[in-house]
Amino acid sequence: MRVIGLMSGTSYDAIEAAAADLTLDDGTLRLRPLGHLSVPYPDDLRSLIAATLPPAATTAQTVCALDTGIGRAFATVAERALHELCADVADLVVSHGQTLYHWVDSGAVRGTLQLGQPAWIAQHTGLPVVSDLRSKDVAAGGQGAPLVSMTDALLLRALPGTPAALNLGGIANITVVAPGTEPLAFDAGPANALLDAAIGHFTGGALHCDEDGRRAAAGRTDPNLLRLLLSDPYYRRPAPKSTGKERFHLPYLQQALGGVPGLDTDDVLATLTRLTSVIVADACRAHQVTELIASGGGTRNPTLMRMISEELPGVPLRPSDDLGLPSEAKEALAFAVLGFLTFHGLPGTLPSSTGARHATLLGSITPGRRPLRLPEPAPRPPRILRITV
């Protein structure tokens, strides 16, 4: 089955598309990547997303405009992926959409909202679309995140020791696969979320990220600011847990900076980069991780990768590309896997990773141009993921 996965993370800088051929054979899920695209959001749409995200107030009209605008943007990218990656032949599109709000109350997730109307994608491509993948897990008492844990667990099971997968997007999430136990996954805390907020603030919006970590590399970690940031009780909550920009946003950072005034911009960025490296390292030590497989936009930041290595001496750190899974496309491919599972009547969550009462069949399906025909449900879920060429 040929599947296109669409994703835009908490950094909301671009829409990622990845295509793959997927087959399930006697407990082995085989994935052959066909390529990926990264398409920046139109400037006006990105600005509207930024102006609507918490803690900003909004209106129903704006939410409707975003649902349509994001849906149309995703549809355009899906159409490109169909032409450029799939030679106009595909069976399914899976869309994560854009998270606008992840409602966490005292550690429990009450709801989650991803926008991007899938009807636009179905209309543009003619293909069925699986979307709204998080809500079913939330309804079953789970965190609705991190959903990449299913793909992580299937991939890591082939590795020795206690491997972990690290995704560095706006938020850093980790999946740990220890021998003899069920996989564990959780959001460790901010990765690019606070860095992007800081650089945007200090440059008056001229820059959206610390490219290649150059500004952080030029600064020095401020121990007082780092200590203040690490005092957030979120880091001491047990897994499973999830978070987002509802918590780690610019006003949150400004409040912390108010306690340590007068810092140089580069020193703030160095401290925020060190913060991510410390929370990742603390999580890995707590679960006795022996190898760390990294993916996501943060892997392009050599300063962040260096700091993580410094905090975890003796723990090999390598990109998911080494396992055949392109690090920049991993999340889009992970959602392609989830949509494939849904289409074949298989659950896409691990209760040990999301905290749900039971594994759930994820998402809603929007038909394409033809009548919707689902295959016979697969007899059993996969146990391992193999990347093929």
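Looking across region 263-289, the residues that are hydrophobic (A, V, I, L, M, F, W, C), crowded, with 23+ Cβ neighbours inside 10 Å and under 14 Å from A216 (Cβ atoms) come down to V268, L269, A270, L272, L275.
A single member of G116, G111, G107 is under 22 Å from the mean Cα position of the chain (by Cα) and under 22 Å from P367 (Cβ atoms), and it is G116.
For beta carbons closer than 6 Å, sequence separation of 6+ or different chains, a first residue in region 5-27 that is more than 21 Å from C209 (Cβ to Cβ) and a second that is crowded, with 17+ Cβ neighbours inside 10 Å and among the charged types (D, E, K, R), the qualifying pairs are D21/R2.
Scanning region 188-227 for residues that are without any contact (Cβ under 8 Å) to a residue 40 or more places away in the chain and in a loop (DSSP other than H, G, I, E, B) yields T203, G204, G205, A206, L207.
Here is a check on your reading of the model: is L184 open to solvent by less than 50 Å² (accessible area, probe 1.4 Å), in contact (Cβ under 8 Å) with a residue 24 or more places away in the chain and either aromatic (F, W, Y) or over 23 Å from R306 (Cα atoms) (or both)? The answer is yes for L184. Taking the listed residues V260, V289, the one that is in a loop (DSSP other than H, G, I, E, B), out of contact with any helix residue (DSSP H, G or I) (no Cβ under 7 Å at 6 or more places or on another chain), hydrophobic (A, V, I, L, M, F, W, C) and more than 21 Å from L53 (Cβ to Cβ) is V289, with no other qualifying.
When residues in region 328-379 are screened for being open to solvent by 10 Å² or more (accessible area, probe 1.4 Å) and of a type in the set (S, T, N, Q), 4 of them pass.
Among the candidates L45, L29, the residue that is touching a strand residue (DSSP E or B) at 6+ places or on another chain (Cβ under 7 Å) and either open to solvent by less than 20 Å² (accessible area, probe 1.4 Å) or not in a strand (DSSP E or B) (or both) is uniquely L29. Within this structure, L325 passes the test of being closer than 22 Å to E16 by Cα and surrounded by 13 or more Cβ atoms within 10 Å (Cβ to Cβ). Can you tell me which residue within region 133-148, out of those that are crowded, with 21+ Cβ neighbours inside 10 Å and out of contact with any helix residue (DSSP H, G or I) (no Cβ under 8 Å at 6 or more places or on another chain), is farthest from V93 (Cα to Cα)? Among residues in region 133-148 that are crowded, with 21+ Cβ neighbours inside 10 Å and out of contact with any helix residue (DSSP H, G or I) (no Cβ under 8 Å at 6 or more places or on another chain), the one farthest from V93 (Cα to Cα) is V138.
If you go through region 32-42 and keep only what is open to solvent by 60 Å² or more (accessible area, probe 1.4 Å) and assigned to a strand (DSSP E or B), you end up with R32, H36, S38, P40. Of all the numbered requirements in (1) under 17 Å from S149 (Cα atoms); (2) more than 15 Å from the chain's Cα centre (by Cα); (3) part of a helix (DSSP H, G or I), P347 misses one, and that requirement is (3).
Does I15 meet the test of being in a helix (DSSP H, G or I), open to solvent by less than 10 Å² (accessible area, probe 1.4 Å), under 29 Å from F186 (Cα atoms) and modelled with pLDDT of 95 or more? So I15 fails the test.
The values are calculated or read from the model by the stated rules, or taken from the named source; none is laboratory data. Keep in mind it's a predicted model, so treat the numbers as computed, not measured. Cβ coordinates were reconstructed from backbone atoms using ideal geometry, including for glycine residues, and neighbour counts include every protein chain displayed. Ligands, DNA and RNA are stripped out before the accessible areas are found, and what is left, the full protein with its side chains, is counted by its heavy atoms. Shrake-Rupley method; radii C 1.70, N 1.55, O 1.52, S 1.80 Å.
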